[in-house]
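Notes follow once the structure below has been shown.
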C-alpha cells in the first residue's frame with residue numbers, strides 16, 4: 001500500500017503481492033522512481049525525492065515471500081486431496097503421510113505470511129484448508145479404530161484373546177484421538193457411541209475365556225452318552241487350557257485367576273479320563289455284540305482309541321490316574337484282533 005500526496009491531497013494505492021511480477025528503482029538528478037509491474041503488464045511508477053532503494057528491496061522480498069506462501073498453500077491443498085483419495089481406498093498409512101505433509105505446508109505458509117503481517121488476506125483460505133486437514137485426520141483415526149475393532153473380533157472368534165484385547169485397546173485409543181480432533185465429520189456423537197460399543201465388547205471379552213470354558217463344561221455334564229460327553233470334556237479342557245495360558249501377569253486384564261483355573265484343569269482332566277474309560281468300556285461291550293453278529297470290529301477300534309486317549313490325558317495332567325486303563329486297553333486290543341482274524345460266515 002502506497003500513500004501518494006499532491007496538491008489535491010493524499011490518496012492510497014494498494015497492490016496485492018500476488019499481482020506484482022517485477023520491481024525496479026531508478027535514480028535521477030533530484031528524484032528517485034519506484035516502478036512496479038503487475039501480471040496485467042501495468043506499470044505503476046512512484047516518484048519522490050528520497051532514496052527508494054530500501055522500498056524496492058522490501059517490495060521485492062515481500063513479493064517473493066508471498067509467492068512462496070501461495071506455493072505452500074497450493075501444496076497443502078494438493079496433499080489434502082491426496083489424503084482424501086487414500087482414505088477412500090482405506091490406505092491409512094498413505095493418508096497419514098499426506099495429512100502430515102499438508103499440515104507442514106500449511107504451517108510453513110502461515111509462518112511466511114505472518115512475517116509480512118498480512119495474515120488477514122489469506123486467513124479464510126488457511127482456515128478452510130485447516131478444516132479439511134482436521135476432517136481427514138479425524139476420518140483416519142476412525143478408520144483405524146474400525147480396523148482394530150475388526151481385528152479384535154476375528155481374534156476373539158479364533159480364541160486369540162490377548163490379541164483381541166490389544167486390538168480393542170488400540171481401537172479405543174484411535175476413537176479417543178478422533179474425538180480430540182475438532183472437525184465436523186465424522187460426527188462426534190457417532191464416534192462417542194462407537195467408543196462406548198468398543199468398551200462394552202472389551203468388557204465382555206475379559207470374561208469370555210472363562211465363560212466359554214464353563215459353558216463347555218456344563219455341556220459335558222448335561223450329556224449322557226459317554227462318547228459324546230468325552231467330546232464336550234475335550235472342548236472344555238481345551239478352553240480351560242486356553243484361559244490358563246493367558247498372560248495373567250499383564251495388568252490382570254482377564255477375569256479369573258491362575259490358581260482357580262489350574263484346579264479346574266485338574267478336575268476336568270479327571271472327568272475326561274473317566275469319561276473316555278467309560279466310553280471305552282461301552283465300545284468294548286458293543287464290540288462283543290458285533291463279534292456275535294459277525295460284523296466288523298469298529299467298536300473295538302473305537303474302544304482302543306478311548307482308552308489310549310484316557311492314558312494320554314492322565315499322563316499329562318493327572319499321572320496318579322494313568323495306570324488303571326492298562327488291562328482295559330489290552331483287553332480291547334485283543335478283542336479287536338480276535339474279531340478281525342475270525343473268518344466270516346461261521
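Find all pairs meeting these conditions: Cβ atoms under 6 angstrom apart; at least six residues apart or on different chains; first residue within region 238-249 and at negative phi; second residue outside any helix (DSSP H, G or I) and surrounded by 19 or more Cβ atoms within 10 Å (Cβ to Cβ).
That search, which allows pairs on different chains as well, returns 246/254.
Starting from residues that are buried (at least 22 other Cβ atoms within 10 Å of the Cβ) and farther than 15 Å from residue 229 by Cα, keep the ones in region 285-312 and report whichever is modelled with the highest pLDDT.
304
Regarding region 220-235, can at least one residue be identified that is closer than 19 Å to residue 202 by Cα and surrounded by 16 or more Cβ atoms within 10 Å (Cβ to Cβ)?
no
So, in region 154-165, how many residues would count as being touching a residue at least 12 places away in the same chain (Cβ under 8 Å), surrounded by fewer than 18 Cβ atoms within 10 Å (Cβ to Cβ) and either assigned to a helix (DSSP H, G or I) or within 11 Å of the chain's Cα centre (by Cα) (or both)?
Total meeting the criteria: 2.
Of the conditions (1) over 30 Å from residue 232 (Cα atoms); (2) surrounded by fewer than 19 Cβ atoms within 10 Å (Cβ to Cβ); (3) modelled with pLDDT of 95 or more, residue 142 satisfies every one except a single condition; which number is it?
That leaves (2) as the condition not met.
Looking at this structure, is residue 120 at pLDDT below 70 and in a helix (DSSP H, G or I)?
Against the criterion (at pLDDT below 70 and in a helix (DSSP H, G or I)), residue 120 qualifies.
Do the conditions hold for residue 185, that is, is it surrounded by fewer than 16 Cβ atoms within 10 Å (Cβ to Cβ), over 21 Å from residue 313 (Cα atoms) and either at pLDDT 90 or above or touching a helix residue (DSSP H, G or I) at 6+ places or on another chain (Cβ under 7 Å) (or both)?
So residue 185 fits the description; yes.
Pick out the one residue from 326, 259 that is closer than 22 Å to residue 214 by Cα and at pLDDT below 90.
Going through 326, 259 in turn, the sole match is 259.
State all residues of region 218-247 that are over 23 Å from residue 308 (Cβ atoms) and not in a loop (DSSP other than H, G, I, E, B); if no residue qualifies, say none.
Scanning region 218-247 gives 218, 219, 221, 242, 243, 244.
Just one of the numbered conditions (1) modelled with pLDDT of 75 or more; (2) surrounded by fewer than 18 Cβ atoms within 10 Å (Cβ to Cβ) is not true of residue 87; which one?
The one condition residue 87 does not meet is (2).
The values are calculated or read from the model by the stated rules, or taken from the named source; none is laboratory data. The model shown is predicted, which means the values in this text are computed figures rather than measured ones. Cβ: placed from backbone, ideal geometry, glycine included. Neighbour counts: every protein chain shown.
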